[in-house]
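Quick notes on the structure that follows.
The values are calculated or read from the model by the stated rules, or taken from the named source; none is laboratory data. Keep in mind the model is a prediction, meaning the values are calculated, not measured. Note that we place each Cβ from the backbone using ideal geometry, even for glycine, and neighbour counts take in every protein chain shown. Areas reflect the complete protein model, heavy atoms only, side chains present, ligands, DNA and RNA absent. Shrake-Rupley method; radii C 1.70, N 1.55, O 1.52, S 1.80 Å.
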Amino acid sequence: MNARKSYVPPFELGKPLDGGAVGDVIESRAPEFKPGDVVTSNFGWREYFVAAPKDLHPVSREIQPLSVYLGALG
C-alpha cells in the first residue's frame, strides 16, 4: 500500500485492486465459457471486465467457498 520499491505497484485510490479474483461469466462470445460459469483471473477486484478465454481459468461452483481458488487451490 506504500509508494516504495516493491514487486507490484502501490494501490491507487479509486482504482481496482490488482491480483487474483474469482467471478461469474456474465456474457461470452467464446465457446469455452457460458453465462453462469465461474472463473479465476488475474484482472484484480473489479465489477466487470472483458478478457480473452486464455486469460481465464474455469473452476467448480461445487467447491465452497469459492475463495479457496485464490489460496489452496489457486
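Quick one: what pairs do we get from the stretch 54-69, first residue under 11 Å from V39 (Cβ atoms), second among the acidic types (D, E), C-beta under 7 Å, 6+ apart or different chains?
Short answer, once both residue conditions are applied: P58/D37.
Only residues that are surrounded by 10 or more Cβ atoms within 10 Å (Cβ to Cβ) and either closer than 21 Å to L70 by Cα or aliphatic (A, V, I, L, M) (or both): list them for the stretch 11-25, please.
Across the stretch 11-25, the qualifying residues are F11, K15, P16, L17, D18, G19, G20, A21, V22, G23, D24, V25.
Go through the stretch 29-49 residue by residue and tally those that are at pLDDT 95 or above and either touching a Lys or Arg at 6+ places or on another chain (Cβ under 6 Å) or open to solvent by 50 Å² or more (accessible area, probe 1.4 Å) (or both).
Here the count works out to 6.
Go through A3, A21 for me and flag whichever is at pLDDT 90 or above, at negative phi and not basic (K, R).
From the options A3, A21, the qualifying one is A21.
Taking the stretch 26-59 as the region of interest, how many residues are in contact with a Phe, Trp or Tyr (Cβ under 6 Å, 6 or more places away or on another chain), under 18 Å from G71 (Cα atoms) and hydrophobic (A, V, I, L, M, F, W, C)?
Going through the stretch 26-59 one residue at a time, the tally reaches 2.
Which one is nearest to D18 (Cα to Cα) among residues in the stretch 64-74 that are of a type outside the set (S, T, Y) and surrounded by 13 or more Cβ atoms within 10 Å (Cβ to Cβ)?
Result: L70.
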